1. Looking only at the stretch 45-81, count every residue that is among the polar types (S, T, N, Q), closer than 17 Å to C170 by Cβ and in a strand (DSSP E or B) and tell me the total.
2. I'm trying to understand the selection: among the residues of the stretch 90-129, which are in a loop (DSSP other than H, G, I, E, B) and surrounded by 16 or more Cβ atoms within 10 Å (Cβ to Cβ)?
3. Within the set of pairs 6 or more residues apart or between chains, which connect a residue that is free of Cβ contacts under 8 Å to residues at least 60 places away in the same chain inside the stretch 77-91 to a residue that is polar (S, T, N, Q) with Cβ atoms less than 9 Å apart?
4. Say we look at the stretch 156-189 and pick out the residues that are over 23 Å from D42 (Cβ atoms) and open to solvent by 20 Å² or more (accessible area, probe 1.4 Å); which of these is farthest from the chain's Cα centre (by Cα)?
5. Of everything in the stretch 130-142 that's in a strand (DSSP E or B) and not β-branched (V, I, T), which residue is nearest to D32 (Cα to Cα)?
6. Restricting to the stretch 133-148, name every residue that is surrounded by 14 or more Cβ atoms within 10 Å (Cβ to Cβ) and more than 14 Å from the chain's Cα centre (by Cα).
7. Surrounded by 14 or more Cβ atoms within 10 Å (Cβ to Cβ), in contact with a helix residue (DSSP H, G or I) (Cβ under 9 Å, 6 or more places away or on another chain) and under 19 Å from E182 (Cβ atoms): does that describe T87?
8. Determine which single condition L72 fails, assuming it passes every other condition in (1) surrounded by 15 or more Cβ atoms within 10 Å (Cβ to Cβ); (2) closer than 13 Å to V139 by Cβ.
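The values are calculated or read from the model by the stated rules, or taken from the named source; none is laboratory data. Remember, predicted model here, so these are calculated numbers, not experimental data. We place every Cβ from the backbone using ideal geometry, glycine too, and count neighbours over all the protein chains shown. Please note that ligands, DNA and RNA were not included when accessible areas were found on the heavy atoms of the full protein model with its side chains. Shrake-Rupley method; radii C 1.70, N 1.55, O 1.52, S 1.80 Å.
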Amino acid sequence: MVPGPVALLGALAALAATAGAAAAPKPVTSADPTGDVRSALDLTRVSVARGPDGRLRASLTLARDWDGRALLAATGPPGSVCLKLWTTSVPPDFPPDLLACVTATKAGDLRGSVLKERANKLPERVAAAEVSRPSTRTVTLRFSQTAIGRPAKLSVAAETTRPGCPRASCIDTAPDAPKTLELVLRKAS
């Protein structure tokens, strides 16, 4: 018996889903030692992957429990938890092209943004990033690949910046600078 068109389309869709799942890149991760900075925003782990929905997913874990109030500054710049993204430029010779960051509102609510770096200017917000908290130590950002230009590969590094401190010594990175992680999203044609 020859299968009908509906059964054939269903089988093809299942085959395509299986092929897409098999082609998904493995997550890239980096650990960072606890206590390497004097900050409540001590980064200990970063993981970046393409999720099953095609969006990028970055999970950043800190050494201690934290919430949005830990990013607020009485004076000086606010704190942040960010993923640095190199899509066209090459690290470490060039700064990242984009950032995906978690910041806090004045009330301490977390907000996710994808920001484009600009020479001699503040970064420009180009897209929203969904923020979730799988634990009191971890924050996860999810954002569309189109928000960063759909690159075939991506170099990434995470960083936390202590609130109220404008110096480079207030930043914790994973992996340690100038190292980065590379996530291949698809094979270049």
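1. Looking only at that region, the number is 1.
2. If the condition is that a residue be in a loop (DSSP other than H, G, I, E, B) and surrounded by 16 or more Cβ atoms within 10 Å (Cβ to Cβ), then P91, P96, D97 are the ones that fit.
3. S89/S155
4. Selected residue: S189.
5. Only one residue tops the list, namely L141.
6. R137
7. yes
8. The one condition L72 does not meet is (2).
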